[in-house]
Amino acid sequence: MDITPRQLEIIKVTGKLLTTSGLSGLTIKNLAKEMHFTGSALYRHFKCKEDVIVTMLKYLANSIDERLSRLNLSSDPVENFITLIREQFGFFNDNPYFVVAVFSDGLMEESQLINENLLKLMIVKIKYLEPIIAAGQQKGIFITEITTDQLVDIIMGAFKLHMFKWRTANFQYDIKASGEIMIQSFLLLIKNN
C-alpha cells in the first residue's frame, strides 16, 4: 500500500481521535488541530474525512495481512492459534489507537465505502484464523460439534468484546496479560478433552 509518512501520521491521529472522541469528535478541524496545521493543509493529503477513515482501514487490513503472513506457523493448530491471537493482542497493545477498527464504533453508519473496507478488514482476519481452526478440527484436536465458521465467529466476537472492554477501561490494564488468559479460555472451549 502506497502511503506517505505524513499520511501514516494522520491515520494514527485519526485512530486516536476516533478512540477518544468517537466519530463525532473526528472532524477535519479537530484532526488539523491535532496535527498542528490548518484544515487546508490536511486536504493536501486526503480529500475528506471519509478518505482518511477508508485509508486507515486499508492500512490496517494491509498491515494485518503482512504481519500474519510472516508468522512462523507450524503443523500444530494449537500452537498456531496461540501465535495468531497473541500477535493480535501484541499489535493492539503497541497501537491502541487502532482499537476503534476492531469494533467499528459508529463507523458502519458513516458510508458504504467505509462498510466495504470494514468487511475487507474482517476478511483478512478470517483468512488466517479459519484455516487454523479447520486444521485443528481435521486433526481431531478442536471440537467438530460447532462448524469452523461458527467457531471463527465466536472467537472474533469474544476478541472484539475484550478489546471493547479494554478501551472502555481507558487502556488501563495489561492487554497482553489478559490476552494470555483469554487464549487459554478459548482453548478450553474449542479443544477436545
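Here's the yes/no breakdown for (1) surrounded by 18 or more Cβ atoms within 10 Å (Cβ to Cβ); (2) hydroxyl-bearing (Ser, Thr, Tyr); (3) modelled with pLDDT of 85 or more:
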| residue | (1), (2), (3) |
| --- | --- |
| Glu110 | no, no, no |
| Lys120 | no, no, yes |
| Ile126 | no, no, yes |
| Thr147 | no, yes, yes |
| Met163 | yes, no, yes |
| Ile175 | yes, no, yes |
| Ser178 | no, yes, yes |
Can you run down the residue pairs with Cβ atoms below 6 Å, 6 or more apart or on separate chains, where the first is in the range 50-79 and on the phi < 0 side of the Ramachandran plot and the partner is among the hydrophobic types (A, V, I, L, M, F, W, C) and open to solvent by 40 Å² or more (accessible area, probe 1.4 Å)?
-> Val54/Leu113; Asn62/Met1; Pro77/Ile141
What is the number of the single condition among (1) modelled with pLDDT of 95 or more; (2) open to solvent by less than 70 Å² (accessible area, probe 1.4 Å); (3) assigned to a helix (DSSP H, G or I) that Gly157 does not meet?
-> (1)
Hey, Ile82 open to solvent by 10 Å² or more (accessible area, probe 1.4 Å), over 22 Å from Leu31 (Cα atoms) and touching a residue at least 60 places away in the same chain (Cβ under 8 Å) or not = yes
Only residues that are out of contact with any Lys or Arg (no Cβ under 8 Å at 6 or more places or on another chain) and farther than 16 Å from Gly15 by Cβ: list them for the range 34-67, please.
-> His36, Phe37, Thr38, Ser40, Ala41, Tyr43, Arg44, Lys47, Cys48, Glu66, Arg67
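Which one of Ser63, Ser69 is farther than 25 Å from Lys191 by Cβ, open to solvent by less than 40 Å² (accessible area, probe 1.4 Å), polar (S, T, N, Q) and within 17 Å of the chain's Cα centre (by Cα)?
Ser63
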Lys47 vs (1) open to solvent by 50 Å² or more (accessible area, probe 1.4 Å); (2) closer than 20 Å to Lys160 by Cα: all pass except (2)
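The values are calculated or read from the model by the stated rules, or taken from the named source; none is laboratory data. All values reported here derive from a predicted model rather than from experimental measurement. Heads up, the Cβs are rebuilt from the backbone with ideal geometry, glycines too, and the neighbour counts pull from every protein chain shown. Calculation scope for accessible area: heavy atoms of the full protein, side chains included, ligands and nucleic acids excluded. Shrake-Rupley method; radii C 1.70, N 1.55, O 1.52, S 1.80 Å.
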